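Asker: Below you'll find the structure I mean.
The values are calculated or read from the model by the stated rules, or taken from the named source; none is laboratory data. Computed from a predicted model, the values in this text were never measured in an experiment. Note that we place each Cβ from the backbone using ideal geometry, even for glycine, and neighbour counts take in every protein chain shown.
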Amino acid sequence: MIVKLIKLFFTFFKIGLFTFGGGYAMIPMIQQELLKGSYLTQAEIIEFIGISEATPGPFAVNIATFTGVHVFSEYPLIVQILTGFTITLGLILPSFIIILLIAMFSSKIFENKYVHNALKTIPPLLVGFIFAAFLHISLTAILGHYNQEINFDYKALIIFAVVFLVAHIYKKASPIFLIILSGLLGLFIYGVF
């Protein structure tokens, strides 16, 4: 158990260290690392992304905590809580260290033209990463190919289309309303048809 915990800690430490732009920009690396380490399946990752988005708090912290609890779900609750906390610590520790170092040496760092130019290239890259994650998750949700088999899920597409139209027509529609609408449509469509 300890070896698995240490590996998962350093997996999320690496994710926190090498991704910029917040939770959505982390999705491609989270997927890659969790699949590579066989910690979660593709279906579980998609579910955890949805759960992490629906719960309060930062997205990346939520997914790290859920992963820590889920991977150690066969252990007692106190162990699950501690592993969730430990994995989350692994995710946020690199940011804490980097911010601490920047605060100590900020004037010298930002005067460097190479650092300045490197920081200017990050936002366009983040747009690409976020779009790639959106595309991958959308195609997985609609086509449902968790196990390399493609099953077109027209029900998910109907729900997406209805919610998209409602959001487009009623521009001030509350996100909470759209989430509830999605849930009710899902209950109706998947329950009735």
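Asker: Which of the residues spanning segment 9-29 are in contact with a Leu (Cβ under 9 Å, 6 or more places away or on another chain) and in a helix (DSSP H, G or I)?
Answerer: Passing the criteria: F9, T11, F12, F13, I15, G16, L17, Y24, A25, M26.
Here is a yes/no grid of residues against (1) of a type in the set (A, V, I, L, M, F, W, C); (2) part of a helix (DSSP H, G or I); (3) modelled with pLDDT under 80; (4) touching a Pro at 6+ places or on another chain (Cβ under 8 Å):
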{"residue": "I81", "(1), (2), (3), (4)": "yes, yes, no, no"}
{"residue": "G84", "(1), (2), (3), (4)": "no, yes, no, no"}
{"residue": "S95", "(1), (2), (3), (4)": "no, yes, no, no"}
{"residue": "K108", "(1), (2), (3), (4)": "no, yes, yes, no"}
{"residue": "H116", "(1), (2), (3), (4)": "no, yes, yes, no"}
{"residue": "L119", "(1), (2), (3), (4)": "yes, yes, yes, no"}
{"residue": "G128", "(1), (2), (3), (4)": "no, yes, no, no"}
{"residue": "I142", "(1), (2), (3), (4)": "yes, yes, yes, no"}
{"residue": "Y146", "(1), (2), (3), (4)": "no, no, yes, no"}
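Asker: Of all the residues that make up segment 10-26, how many are over 20 Å from A132 (Cα atoms) and surrounded by 20 or more Cβ atoms within 10 Å (Cβ to Cβ)?
Answerer: 2
Asker: Sort through A60, A64 and tell me the only one that's within 12 Å of the chain's Cα centre (by Cα), modelled with pLDDT of 90 or more, aliphatic (A, V, I, L, M) and under 13 Å from F12 (Cβ atoms).
Answerer: That would be A64, the only listed residue that is within 12 Å of the chain's Cα centre (by Cα), modelled with pLDDT of 90 or more, aliphatic (A, V, I, L, M) and under 13 Å from F12 (Cβ atoms).
Asker: Hey, another quick one. Kindly list, by first and then second residue, each pair from a residue in segment 159-182 that is more than 17 Å from G50 (Cα to Cα) to a residue that is in a loop (DSSP other than H, G, I, E, B), limited to pairs with Cβ atoms under 7 Å and residues at least 6 apart or on different chains.
Answerer: V166/A173; A167/A173
Asker: Another question about this same structure. With the requirement that a residue be more than 17 Å from G22 (Cβ to Cβ) and either assigned to a helix (DSSP H, G or I) or in contact (Cβ under 8 Å) with a residue 40 or more places away in the chain (or both), what does segment 34-49 give you?
Answerer: L34, L35, K36, T41, Q42, A43, E44, I45, I46, E47
Asker: Can you say whether I27 is touching a helix residue (DSSP H, G or I) at 6+ places or on another chain (Cβ under 8 Å), closer than 26 Å to P123 by Cβ and β-branched (V, I, T), as far as the supplied structure shows?
Answerer: yes
Asker: Taking A103 as the residue in question, decide whether it is in contact with a Pro (Cβ under 8 Å, 6 or more places away or on another chain), at pLDDT below 90 and not β-branched (V, I, T).
Answerer: In short, no.
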